[in-house]
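The values are calculated or read from the model by the stated rules, or taken from the named source; none is laboratory data. Source: prediction; values computed, not measured. As a convention, Cβ positions derive from the backbone with ideal geometry for all residues, glycine included, and neighbour counts pool all protein chains shown. SASA here: full protein model, heavy atoms, side chains in, ligands and nucleic acids out. Shrake-Rupley method; radii C 1.70, N 1.55, O 1.52, S 1.80 Å.
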Amino acid sequence: MKKTRSPIFGICIAVVYFLTIALFGASLVLLYQEGNTRWDDRFNEIVRKTASVSAIAEPGTEQFNRGLTDALSDIDNIAALQILSGNNLIISYPANIEDVPSGTSLFLRPKSTKINTRTTTLTINASIYLLTPEALLQHCAIAFFIILAATVALIVYMVSLPTDPVEVQEERTVRPVTKPVIQESTPHMEVQTAQPDSFTDDYTEPVKPVTKEEPEQKPVLQQSPEPKAETTADTETQKTVSEESGLFSPATGFGWQAYMKPRLESELERAAAADIDLTLMTVHVPGLVTDNPAKQDLIKAILEIAGFNDLVFEDGNDGCSVIMGYDIDTALKRAEELYDKLERELAYENLTCRPAIGLSSRSLRLISAERLSNESQMALKHAMNEEGKRIIAFRVNPDKYRNFLAGEVQQSV
């Protein structure tokens, strides 16, 4: 008896397909309408938070950038944001200006306005998502997995259906008999039983399974995996420091020396994107990290000048490096204040050792952390040979530096 296939399951799968696509489209339409009604409110919120931060911090300073970053913590629906003071770009998101979208699209709305602060006029350009890529991806993923599950269920159902049996058992026993055939060439009659062509002796003989001889498989030599390249000493040092003591040294409260150049590289990229200056100050005090009797007072003075302990890093056993969001002139004044404090603390403990400070700034150059660190170290080396106040600032001419780089490029070509 044949088993009929029920169309109910296939109809249910088709209904699931239709409902999934319909709900997917309806959800995107609702999200788009919601974003279309709220994007203007989001832009006004950005303007309001920018004005509040500029009231307590000067635009373009590190404090202003940090305050605005904290205020705009939720940037999922912001495609691009630029804040300019006059013609100077203060903040850019994304950092690469070439990645900033332009024009109007179906899912993007740009808007611009100006606000007046105490010292300048800020221009705010923002592009707001009406439908964020994250929301679109999430709904696409849900619809995809529902359709995938329904398709797999349909395939399993089709495979599990039994095939129609071939009813040949009864036919094997039926052998029709024809009438006798008389042959004239013989004096007697012979009776033959005619068999149809469709009935052969194959039905009575057992079917022997045919096996295929497989060739002998030759042993395959497995190559041992190549040993992984050993990590560099700096990477191992960073992993060991991070696993054992966290981000800050327990001896001073400063960041570990291994983290200084990666953090400096990151700060240089931010400064270049915002077109602001940055200075690296290297301080030398004998025994600052290990056994100086005035160690705690010296560390306190350094942290007061730096402002944030995550911008101060140890430099050997006798010094530290401080990343400062100032130009070279402002940083030099702060360095003189620090130098006077360090000398007072050392004199209070009747110590004869003297501090030394070296500085170098970005000076609107596109410079690497390695080069800026080397310039600051060279300035410190010269400062340690001074007789009076031992402070040396590495001052560079940006135009001459650009000409020097252009000459290097031409020589390499």
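Each other residue within a Cβ distance under 10 Å of Ser360 adds +1 if Lys or Arg and -1 if Asp or Glu, for a net charge of +2.
Converting phi to 3J(HN,Hα) with the Karplus coefficients 6.51, -1.76 and 1.60 and the offset θ = phi - 60°, region 50-66 yields 5, 5, 5, 5, 5, 6, 10, 9, 6, x, x, 8, 5, 5, 5, 5, 5 Hz in sequence order, with x at every glycine or proline. In order along region 255-269, the phi-based Karplus estimate (6.51 cos²θ - 1.76 cosθ + 1.60, θ = phi - 60°) of 3J(HN,Hα) comes to x, 5, 4, 5, 8, 5, 5, x, 5, 5, 4, 5, 5, 5, 5 Hz; Gly and Pro are listed as x. Note on Glu314: accessible area approximately 20 square angstrom, rounded to 10, probe 1.4 Å, nucleic acids and ligands left out. Taking amide H atoms as placed 1.01 Å from N in the peptide plane, the amide H of Ala79 lies under 5 Å from those of Ser127, Ile128, Tyr129, each 5 or more residues away in sequence or on another chain.
Can you tell me how region 317-413 classifies by the Cα gyration tensor, rounded, prolate or oblate, using a/c under 1.5 as the rounded cut?
Working: a/c = 2.93, a/b = 2.45, b/c = 1.20.
Here region 317-413 falls in the prolate category.
For region 130-142, putting each phi into the Karplus relation 6.51 cos²θ - 1.76 cosθ + 1.60 with θ = phi - 60° gives couplings of 7, 9, 6, x, 5, 5, 5, 5, 5, 5, 5, 5, 4 Hz, in residue order, rounded to whole numbers and with x for Gly and Pro.
So what does log10 I(q)/I(0) come out to for region 49-90 at q = 0.20, 0.31, 0.33 Å⁻¹, using the Debye formula with one equal point on every Cα and no solvent? After summing over all Cα pairs, the log10 values are -0.63, -1.19, -1.23. Annotation: amide H of Leu108 within the under-5 Å range of Leu130, sequence separation 5 or more or interchain, hydrogens built in the peptide plane.
Would you please classify the overall shape of region 293-349 from the alpha carbon gyration tensor, given that a ≥ b ≥ c denote the square roots of the eigenvalues, rounded means a/c under 1.5, and beyond that prolate means a/b larger than b/c while oblate covers the rest?
Numbers: a/c = 2.09, a/b = 1.34, b/c = 1.56.
Oblate is the answer for region 293-349, as a/c is 1.5 or above yet b/c matches or exceeds a/b.
Ranking of Arg270, Arg48 by solvent-accessible surface, largest first: Arg48, Arg270 (1.4 Å probe, protein heavy atoms only, all chains present). Set the bar at 26 Å for Cα to Cα. Now go through Lys261/Lys300; Lys295/Lys381; Lys49/Lys300; Lys114/Lys261; Lys114/Lys333 and name every pair that lies beyond it. Violating the 26 Å limit, Cα to Cα: Lys49/Lys300; Lys114/Lys261; Lys114/Lys333. Once the Cβ-Cβ distance between Lys400 and Lys111 is put in as r, and R0 is 45 Å, what FRET efficiency do you end up with, to the nearest 0.05? So the FRET efficiency works out to roughly 0.60.
Using the Cα gyration tensor of region 35-151, with a ≥ b ≥ c the square roots of its eigenvalues, what is the shape: rounded (a/c below 1.5), prolate (a/b larger than b/c) or oblate (neither)?
Numbers: a/c = 2.64, a/b = 2.42, b/c = 1.09.
Note, shape of region 35-151 comes out prolate.
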